[in-house]
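I have placed the structure first, in the form of structure tokens, so that the comments after it can refer back to it.
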Amino acid sequence: MAARRVVVFPSSAELGPVLAELVSSRAGKAIASRGRFTLGLSGGSLVSMLSKELPALPNLDCSKWVVGFCDERLVPSNDPESTYGLYKNQLFTKINIPETAILSIDSSLPVNECAEDYARQLKEVFPGNDKPVFDVLLLGMGPDGHTCSLFPGHPLLEETARIVAPISDSPKPPPQRVTMTLPVVNSARCVVFVSTGGSKAPVLKEVLEGREGPAFPAARVLPTEGELFWLIDGPAAADLTITVERPGSGARL
Ligand SMILES: O=C1O[C@H](COP(=O)(O)O)[C@@H](O)[C@H](O)[C@H]1O
């Protein structure tokens, strides 16, 4: 397992540009060695941060990017809860990811079929692999410690066979969602959590320092071989006592 890097920024204003630069640097390396960059996006607070920071990078070329979603809510793409819909309006109009390289769920399907259909799309993009190996997965964490649509105490945390699973009883609305499973998340070459705001401080302490850590889905994200970053702002890091990195401005990770 690769070493975990916990990196604390004074505020999300300093964190955002470093996140964008991290994505861009891993994209450059992936394209140089494999001819494309595969990125998994999460919803929630990440949407606005990425939509602000990625288009601000000079000369960003996304023509060789393939983008999927770490989880998605089973709602039409024009519903305000649709993660795809938010990125479509806020980010995809500003950067040149080919439309055909954006994998999205078919929200007209019942949730089980929707998960199977999304798994099939992922298998097409990663032929020959038993699990997709994304270059970068960007994850958020809710105040309850959930990540993707993997919630504390939910049986989906034990899923080992499927790469994408349906969930019909999400404690956070909307109840029907599809989510990548932990084996896929932990196969990625690089996983980056972004956690900001004081509401995340208690759970962040548990996830990064607590003995009860594995009870929280986010604490079970431990890439087998890939890099693991936790990018946190000052308010979210307020309760941490572990040693963290505090980079200066213009830092690159
Ligand atoms: O419901 C969800 O929440 C998590 C965390 O969101 P945040 O706003 O607390 O950062 C998000 O990562 C996930 O994609 C989303 O479906």
May I ask which of LYS88/LYS205; LYS88/LYS131; LYS64/LYS123; LYS29/LYS131; LYS123/LYS200 have a Cα-Cα span longer than 30 Å here? LYS88/LYS205; LYS123/LYS200
The alpha-carbon center of region 174-253 and that of region 31-98 are separated, in whole Å, by 20 Å
Order of 59-72, 32-45 by packing, highest average Cβ count within 10 Å first? 59-72, 32-45
Which of rounded, prolate, oblate describes region 120-253, given a ≥ b ≥ c as roots of the alpha-carbon gyration tensor eigenvalues and a/c under 1.5 marking rounded, otherwise prolate only if a/b is larger than b/c? oblate
Checking the cross-link filter: which aspartates and glutamates have an alpha carbon closer than 19 Å to that of LYS172, excluding same-chain neighbours under 8 positions apart? ASP71, GLU72, ASP79, GLU81, ASP144
Kindly identify the chain as rounded, prolate or oblate by the Cα gyration tensor criterion: order the square roots of the eigenvalues as a ≥ b ≥ c, call it rounded if a/c is under 1.5, otherwise compare a/b with b/c, prolate if a/b is larger, else oblate. rounded
Please give every one of the aspartates and glutamates within straight-line cross-link reach of LYS94, meaning a C-alpha to C-alpha distance under 14 Å, and leave out same-chain neighbours fewer than 8 residues apart. GLU53, ASP61
Please arrange THR160, THR224 by counting, for each residue, the other beta carbons lying within 10 Å of its beta carbon, fewest first. THR160, THR224
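Each reported figure results from applying straightforward, stated rules to the coordinates on display, with no laboratory input. Since the model is a prediction, treat every value here as computed from it, not as a measurement. Glycine gets a Cβ as well: all are built from the backbone with ideal geometry, and neighbour counts include every protein chain shown.
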